[in-house]
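Enquirer: Sharing a structure, written as structure tokens. Questions coming.
Just so it is clear, none of the values below were taken in a lab; they were calculated from the coordinates. None of the values given here were measured: they were computed from a predicted structure. No Cβ is skipped: glycine too gets one built from the backbone with ideal geometry, and neighbour counts run over all protein chains shown.
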Amino acid sequence: MLQRILAFSTAFLFVSSLSAASLPDIKMPDTGLPFKMIDGYQDYKIVATHWRIDKHELRYVLANPIAYDAIKAKKLPMPEGSKMVKIGWSVKPMASYPDALEADKLQRIEFMVKDSKHFDQNGDHWGYARFVKNADSYVPYAKGSAECVACHASVSQNDYLFSSFQETF
């Protein structure tokens with residue numbers, strides 16, 4: 001199943017229903033990070049693709065230019081100003097190719113920002129935000145960013161990043 005999901009993984013990503021101009025003016029209550037902080041994320045570069053088994057979700061991990069250059073060069077810790085964006089999609093059978101799945105609906109957009117002046121949960125220097133799709137709008141994740149901090153702590157030796165750069169050739 002995973003092979004079928006990843007077979008189409010980079011072909012369609014930026015056909016997004018959200019444009020940079022329409023990012024909602026909302027913030028994560030516990031970190032204060034605004035959704036608009038990632039205006040233009042659709043132009044960030046893909047660094048990794050993942051399948052979340054527990055959520056049945058295809059995830060793209062994108063990086064702003066600062067983070068992209070660092071992660072591609074395997075330069076850790078990531079520099080200040082790095083932004084990593086994770087987009088979660090539900091999947092559906094692909095109508096034109098029945099042996100494949102394709103992205104269906106955006107379920108969430110999450111991001112982390114390297115900013116050691118404002119964030120230092122457990123020494124990580126990252127601020128986390130998660131915005132969940134609710135009908136036709138987005139809302140901040142109700143449980144805050146504590147889950148992000150706790151989960152990313154398991155990869156502290158990799159500057160709190162689960163993803164590494166996935167070469168495309």
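Enquirer: Report the extension gain between residue 97 and residue 162 in nm, rounded to one decimal, defined as 0.36 nm multiplied by the number of residues separating them, less their alpha carbon distance. The partial results should precede the final answer.
Expert: Numbers: separation 65, 0.36 × 65 = 23.40 nm, distance 3.11 nm.
Result: 20.3 nm gained on full extension.
Enquirer: How big is the range 75-160 by the Kirkwood estimate over distinct Cα pairs, in Å?
Expert: Values: mean 1/r = 0.0680 Å⁻¹.
After inverting the pairwise mean of 1/r, the radius is 14.7 Å.
Enquirer: Here's a follow-up. With a 10 Å Cβ neighbour count serving as the proxy for reagent exposure, in which order, fewest first, do 112, 28, 94 appear? The partial results should precede the final answer.
Expert: Numbers: 112 27, 28 22, 94 16.
Final ranking by Cβ density, sparse to dense: 94, 28, 112.
Enquirer: Next question. Pairs of Cα atoms under 8 Å, at least six residues apart: use those to get the relative contact order of the chain, whole percent. Intermediate results must be reported in sequence, preceding the final value.
Expert: Working: 302 pairs, mean separation 33.6, N = 169.
Here the relative contact order equals 20 percent.
Enquirer: By what distance, in whole Å, do the Cα atoms of the chain stretch along each of the three principal axes, largest value first?
Expert: So the extents along the principal axes, rounded to whole Å, are 49, 37, 29.
Enquirer: In whole Hz and in residue order, list the ³J(HN,Hα) couplings for the range 40-53 that follow from phi through the Karplus curve 6.51 cos²θ - 1.76 cosθ + 1.60, θ = phi - 60°; x for Gly and Pro.
Expert: Working through the residues one at a time gives x, 4, 5, 9, 5, 9, 6, 10, 6, 10, 9, 10, 8, 4 Hz.
Enquirer: Same structure again: Taking the range 24-69 on its own, what percent of its Cα-Cα pair distances exceed 13 Å? Intermediate values should be presented prior to the final figure.
Expert: On the way: 689 of 1035 pairs.
The proportion of pairs with Cα distances above 13 Å equals 67 percent.
Enquirer: Near the amide H of residue 45, under 5 Å away, which other amide H atoms are found, from residues 5 or more places off or on another chain, if H is placed in the peptide plane?
Expert: 63
Enquirer: With 26 Å as the limit, write out which pairs from 86/114; 55/75; 105/143; 36/86 have Cα-Cα distances beyond it, or answer none.
Expert: On the way: 86/114 15 Å; 55/75 30 Å; 105/143 22 Å; 36/86 15 Å.
With Cα atoms farther than 26 Å apart: 55/75.
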